[in-house]
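To start, the structure under review is shown below, and the notes come after it.
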Amino acid sequence: MSAETFTRRSPAVVWLAENGALAALVVLAVALSLLSSDFLTVTNLLNVGVQAAVTAILAFGVTFVIITGGIDLSVGSVAALSAIVLAWSATDAGLPWPLATLLGLAVGLAAGLVNATLIAYGKLPPFIATLAMLGIARGLALVISQGSPIAMPEAVAHLGDTIGSYLPVPVIVMVVVGLITSVILNRTYVGRAMYAIGGNEEAARLSGIRVDRQKLITYALSGLFAAVAGIVLASRLASAQPQAAAGYELDAIAAVVIGGASLSGGKGRAFGTFVGALILAVLRNGLNLLSVSAFWQQVVIGVVIALAVLLDTLRRRTTI
Amino acid sequence: MKRTVGLVAVLVLALTACDTDTSGGGGPVKLGMSVSTLNNPYFVQLRQGAEEEARTRGAQLTVTDAQNDASQQVNQVQNFTSQSMKAIILNPVDSDAAAPAVKAADRVKIPVIAVDRGVNGAEVAQTVASDNVAGGRLAAQELAEQMGEKGEVAVLEGVPGTSAARERGQGFTEGIKAFPGIRVVAQQPADFDRTKGLDVMTNLLQSQPGITGVFAQNDEMALGAIKALGAKAGQEVKVVGFDGTPDALKAVQAGTMAATIAQQPRLLGKQAVQAAIKAAGGETLGKTVAVPVKVVTKENVAEFVS
């Protein structure tokens, strides 16, 4: 899988071949620009960016987990809980907004740490531990909010705004979180340890990596990113909703896998995940622009997810 | 094997419990209520209305949340039958999938009251529901009038295949036909969700910039659309929602939402409990009770804010 195989081809081809998901995104974008004259405009592409932001931020967190060979089903619920805690503590409990924001982020972190503790020390399968958290976090969000939306403090809600007329804040947050993800994965011990654990957990342990502690960090990051995503989502609506982000965990996982990660661990990149999230957002946007009927939309989304991953696996098979 | 023994034990217990209750009488009437989801302010209000009524009538009401899962709801109703409930209030997750639950209750002769949504394929003692088709028609009329009876309209649809989405859509389509100057240029799903309402409206503004009216099949989507429209909401573009949730009433007051069709979830809950108490006492009830819906605009919104 090294780049040497491609040295005789043009750099653009090499790059596309190395990024199966990106090739799928390009195909999709070209098809949509041909089908709808409204697709390829600056405003629309920025809209797509904003609409991809929440899924992408969630997916960056899930990327860490999937690289270690785990899974995190709780991110959607944790996102909702963090936003509810933030909004509730700022309005009902009267905390100043910076403290409330820290509290919201802390809730995400704590949920991640609970997941990790159950997995690393309780030896629960990640699927079950995070499925339990999916229910717990959603339930707590409903308990705290009494089932009703809570207004976000204005200072925080600016996260959903646009700077000037063109620069949406959610897109900036997405890019920043993506860069952080990339740095952690490529430039830190923690990141290398994640790949090692996902590649072969026993070998990682034998080579001196403290696997349990690394898992703690991995799931904590996923929880923290979920909190960021939840706060961005609630800011876009200026309202924290207990039922927000329901089902987003599946979009996040899909984005990570479309981006070339393997559910059995050891593989995955921040850029791939970013492209995966964009594919989902571009698709939903395009279906709206083309006025595709409600019933067919779900079929099309399913087919495109399958095709995108298929394209990637075919590429691997032919190039290895 | 163990499971069967357990099941038999539960059944025996249930039967004996039923017997003692019918002969003994006395004590508060025990009612079970399965709500489709408490993940939505509307159903939370429905539950509140039911609980208040149960308290004033001295009935003992147990409420469970089916979390939008039809099979879980069947289990909950089955559990109610073994808890010697005198009547069951069912707020179906899905009108078609609720039939097995109703039949399970029917086998042990416990009357079922359907609330908010009807049940297809099984007899219930009474259906207490808002008139969604009439509501859709009212929405069309109000939107058309506020748009000056001309212009382009986008419709934000609910979860595909649900009865609420179907009936509200049907009512709106019928109602809007009376206004030849109005054209429905886009009909897209946003799944009754505020975020999706925001995203879908943003996208539609790209392909249909001339839209001057929006009908959202619930308030959550309408509030998302208003967010997408920004300063245009209430000015160039009129948005009509459905449900009359507290947030929507605030938006109507603020002038960003042109109107909402208010259902009365508390009243639905209240009437369902009344019907259940009557049914528990052996009374025969009329097939349906249509709880009226009302158009809420800036003029009359004060009546609805409590």
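The values are calculated or read from the model by the stated rules, or taken from the named source; none is laboratory data. Model, not experiment: these values are computed from the prediction. Here the Cβ positions follow ideal geometry from the backbone for every residue, glycine too, while neighbour counts run over all protein chains shown.
Observations, loosely collected:
- Contact map, region B:175-191: first residue more than 14 Å from chain A (Cβ to nearest Cβ), second residue exposed (fewer than 15 other Cβ atoms within 10 Å of the Cβ), Cβ cut-off under 7 Å, separation 6 or more or different chains; pairs are B:Phe179/B:Glu149; B:Gly181/B:Glu149; B:Gly181/B:Lys150; B:Ile182/B:Glu149; B:Ile182/B:Lys150.
- First in region A:151-164 and over 15 Å from B:Gly230 (Cβ atoms), second anywhere and assigned to a loop (DSSP other than H, G, I, E, B), Cβ under 9 Å, 6 or more apart: A:Ala151/A:Ala238; A:Met152/A:Ala238; A:Pro153/A:Pro96; A:Glu154/A:Ala238; A:Leu159/A:Met152
- A:Ala87 being out of contact with any Cys (no Cβ under 6 Å at 6 or more places or on another chain), small (Gly, Ala, Ser) and farther than 21 Å from A:Ile253 by Cα: yes
- Count - residues of region B:194-212 that are facing chain A (nearest Cβ under 8 Å) and within 21 Å of the chain's Cα centre (by Cα): 2
- Summed over region B:213-229, residues that are surrounded by 24 or more Cβ atoms within 10 Å (Cβ to Cβ) and within 12 Å of chain A (Cβ to nearest Cβ) total 8.
- A:Ile136 modelled with pLDDT of 95 or more, within 14 Å of chain B (Cβ to nearest Cβ) and in a helix (DSSP H, G or I): yes
- Selection status of B:Glu145, out of contact with any helix residue (DSSP H, G or I) (no Cβ under 6 Å at 6 or more places or on another chain), closer than 21 Å to B:Ala190 by Cα, modelled with pLDDT of 95 or more and of a type in the set (Asp, Glu): no
- Scan of region A:230-280 for residues that are within 14 Å of chain B (Cβ to nearest Cβ), in a helix (DSSP H, G or I) and of a type in the set (S, T, N, Q), ordered by number: A:Ser235
- Residue list for region B:52-88, filter: within 14 Å of another protein chain (Cβ to nearest Cβ), buried (at least 18 other Cβ atoms within 10 Å of the Cβ) and of a type in the set (D, E, K, R): B:Asp65
- Whichever residue in region B:38-51 is more than 8 Å from every other protein chain (Cβ to nearest Cβ), within 22 Å of A:Ile150 (Cα to Cα) and not aromatic (Phe, Trp, Tyr) and, among such residues, is surrounded by the most Cβ atoms within 10 Å (Cβ to Cβ): B:Leu46
- B:Ala164 vs. criteria at pLDDT below 95 and within 14 Å of chain A (Cβ to nearest Cβ): yes
- Given (1) in a loop (DSSP other than H, G, I, E, B); (2) at pLDDT 95 or above, number of the condition A:Thr55 does not satisfy: (1)
- Criterion: out of contact with any Asp or Glu (no Cβ under 7 Å at 6 or more places or on another chain), at pLDDT 95 or above, on the phi < 0 side of the Ramachandran plot and assigned to a helix (DSSP H, G or I) - qualifying residue of A:Leu105, A:Leu142, A:Leu159, A:Leu124: A:Leu105
- Residue within region A:158-170 that is of a type in the set (S, T, N, Q) and more than 13 Å from every other protein chain (Cβ to nearest Cβ) present: no
- Selection over region B:128-137 of residues that are surrounded by fewer than 21 Cβ atoms within 10 Å (Cβ to Cβ) and part of a helix (DSSP H, G or I) gives a count of 2.
- Where B:Thr297 falls short, out of the listed (1) farther than 30 Å from B:Lys30 by Cα; (2) in contact with a Ser or Thr (Cβ under 8 Å, 6 or more places away or on another chain): (2)
- Those strands (runs of 3 or more DSSP E) of region B:157-272 in which at least 3 residues are touching a helix residue (DSSP H, G or I) at 6+ places or on another chain (Cβ under 7 Å) and more than 27 Å from A:Val54 (Cα to Cα), considering only elements entirely within it, cover B:238-243, B:259-262.
- Taking the listed residues B:Val159, B:Val102, the one that is aliphatic (A, V, I, L, M), under 21 Å from the mean Cα position of the chain (by Cα) and assigned by TED's automatic domain parsing to the domain that holds B:Val214 is B:Val159, with no other qualifying.
- One residue from B:Gly181, B:Gly210, B:Gly148, B:Gly161 being closer than 19 Å to B:Ile226 by Cβ and surrounded by fewer than 18 Cβ atoms within 10 Å (Cβ to Cβ): B:Gly210
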